[in-house]
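All remarks here apply to the structure that follows.
The values are calculated or read from the model by the stated rules, or taken from the named source; none is laboratory data. Predicted, not measured: the structure shown is a model, and the values here were computed from it. Glycine gets a Cβ as well: all are built from the backbone with ideal geometry, and neighbour counts include every protein chain shown.
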Amino acid sequence: MDFFIKFCLRGGDAQSPEARQRCGLLSGGAGIALNALLFLGKLLAGMLTGSIAVTADAFNNLSDAASSVVTLVGFRLAGQEADEEHPFGHGRMEYLAGLAVSVLILLVGAELAQSSVRKILSPEPVAFSTLSAGILAASVVVKLWMFWFNRGLSRAIQSAALSATAADSLSDAVATTTLLLGLLAGHFLSLPLDGWLGLAVALFILRAGWGAARDTIDPLLGRPMDPELAADIDRIVLGHEYILGIHDLVYHDYGPGRAMMSLHAEVPADGNFLEIHDMIDHIERELKARHHIETCIHMDPVVRDWRTEALRNQVADIAKGLDPALTIHDFRITAGPIHTNILFDVVVPYGFRLSDSQVRAALGEGVKGLSDRYFPVVQVDHSYVEGRKQP
């Protein structure tokens, strides 16, 4: 496995399209060859024993070979450069390949379940042969190796498609083990378990297919940014001079190694804007080099005098008193002859126990409690990063 991973990542970057394409082609080629051999072996075993479950498992391997073709083609397409029609590249083809593999898994599981129910209603004797048992045992070993192989590649490049392929291989190993045990039980104990074992295998395959589909659908629909990635972005941005805080971080995933992001960076209102702008450009280049993210940073000038800071801390305490998960940003004060506007944004988690209007009302009452001259203007935001605390 170390040799294969070094071969795929010889450029040193696990998120580069070239490295991912090499891993996908390697996984797809191995899957096509091994699953084709397993299909022929299990088909022979099914013909020798007359077992519907073993024959169905053979066609499951045939569908796995087709899935490997989909994986291979998907990674090949995902590695294409951006063009006029797809300016953000073709990286999401990797997610579509994983989804196609998941659908094939579900179809095989449904067909196997249907065949198994028929076998339960009309049981037939299953013949035993040492050759058939040996073929099934060898199949289990091969599938466990394929699981280990694809899991290693998927972890190396963080690929949902290869993770789905690994899950499929593990489900096949468990399914074939179940069939082998049923074949032995039917021979030595004369128990008609073929149909029931086939049904159990089908349910296991359906469960694995649904899990794999969920893992590939989420990035296509748009999932929150990985909290570990968000934490590293916070560390990089806040580690530079002049950056007082960041908020409104929005992340768009166009496939592994192809992403866009925008965020707001709070900077001193009395700072040198030419120097700050140069630093912002440097941060954008640093994020692209480290995480392959095209970043657009909006500068928010903020006043940080003692009065503003003291009042900001009071309002932040009011928000945390309402719920520790609430944070504020873009805090501003505009004084007038009759009243003083207190403007700020509050970040509210999705599924919060209070509605946005209730949050605004509660914070507004808290701010008015500090002084009858204060007029609160509250904007409610929702975090695009799961579990992220705004700095």
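The single residue among ALA335, ALA362, ALA310 that is surrounded by fewer than 14 Cβ atoms within 10 Å (Cβ to Cβ), modelled with pLDDT of 85 or more, aliphatic (A, V, I, L, M) and over 16 Å from HIS382 (Cβ atoms) turns out to be ALA310. Does LEU181 count as within 28 Å of the chain's Cα centre (by Cα) and part of a helix (DSSP H, G or I)? Considered against the rule, which asks whether it is within 28 Å of the chain's Cα centre (by Cα) and part of a helix (DSSP H, G or I), LEU181 comes out as no.
Selection of first residues in segment 80-93 that are under 17 Å from GLU294 (Cβ atoms) and of second residues that are of a type in the set (S, T, N, Q) and surrounded by 10 or more Cβ atoms within 10 Å (Cβ to Cβ), restricted to Cβ pairs under 6 Å at least 6 apart or on distinct chains, gives the following pairs, ordered by first then second residue: HIS90/GLN80. Within segment 346-372, the residues that satisfy the criterion of being of a type in the set (S, T, N, Q) and not in a loop (DSSP other than H, G, I, E, B) are SER357, GLN358. Exactly one residue out of SER154, SER163 is touching a Ser or Thr at 6+ places or on another chain (Cβ under 9 Å), without any contact (Cβ under 8 Å) to a residue 24 or more places away in the chain and closer than 25 Å to HIS292 by Cβ, and it is SER154. Of all residue pairs spaced 6 or more apart or on separate chains, those with beta-carbon atoms under 7 Å, a first member in segment 107-119 that is among the polar types (S, T, N, Q) and a second member that is modelled with pLDDT of 80 or more are SER116/LEU199.
Here is a yes/no grid of residues against (1) assigned to a helix (DSSP H, G or I); (2) touching a strand residue (DSSP E or B) at 6+ places or on another chain (Cβ under 6 Å); (3) surrounded by 19 or more Cβ atoms within 10 Å (Cβ to Cβ); (4) modelled with pLDDT under 85:
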position	(1), (2), (3), (4)
GLY198	yes, no, yes, yes
VAL201	yes, no, yes, yes
PHE204	yes, no, no, yes
GLY209	yes, no, yes, yes
ASP218	yes, no, no, yes
ARG223	no, no, no, yes
GLU228	yes, no, no, yes
ASP234	yes, no, yes, no
HIS240	no, no, no, no
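In segment 33-80, of all residues being under 26 Å from CYS23 (Cα atoms) and outside any helix (DSSP H, G or I), the one that is modelled with the lowest pLDDT corresponds to GLY79. The listed residues are VAL101, VAL69, and the only one of them that is β-branched (Val, Ile, Thr), crowded, with 23+ Cβ neighbours inside 10 Å and under 21 Å from ALA164 (Cβ atoms) turns out to be VAL101. Confirm whether GLY255 is surrounded by 19 or more Cβ atoms within 10 Å (Cβ to Cβ), assigned to a helix (DSSP H, G or I) and in contact with a Lys or Arg (Cβ under 6 Å, 6 or more places away or on another chain). Answer is no for this residue.
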